[in-house]
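Working notes, beginning with the structure itself.
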Amino acid sequence: MNNTLQNKRYYQASQLFPVLVHYEKSIFDEYKDIFTPLIHLDNRITYNIEEAGKIREKG
């Protein structure tokens, strides 16, 4: 994930967000804080944040 973010592939990194939350629910807030400011660069990131939120709620 960090390599993808460093390479400015924000949408691709955000696609991993729901997968990571599936395995480790506690990281949701940390990564949401990283991805939320990037939405203006690619609106598709919003979908991945929402999906990660749904996964966390199922907990």
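The values are calculated or read from the model by the stated rules, or taken from the named source; none is laboratory data. Just so it is clear, the structure is predicted and the values come from calculations on it, not from any experiment. As a convention, Cβ positions derive from the backbone with ideal geometry for all residues, glycine included, and neighbour counts pool all protein chains shown. SASA here: full protein model, heavy atoms, side chains in, ligands and nucleic acids out. Shrake-Rupley method; radii C 1.70, N 1.55, O 1.52, S 1.80 Å.
Surface composition of the chain: carbon and sulfur make up 47 percent of the accessible area, probe 1.4 Å. Counting only trypsin sites (Lys or Arg not before Pro) that DSSP places in a loop and that have at most 14 other Cβ atoms within 10 Å, the longest clean stretch of the chain runs over 10-59. Within the set (i) 14.8; (ii) 11.1; (iii) 16.2, the number that Kirkwood radius over Cα pairs in Å takes when calculated for this structure is listed as (ii). Per residue, the solvent-accessible area of the chain (1.4 Å probe, heavy atoms of protein chains only, all protein chains present) comes to 70 Å².
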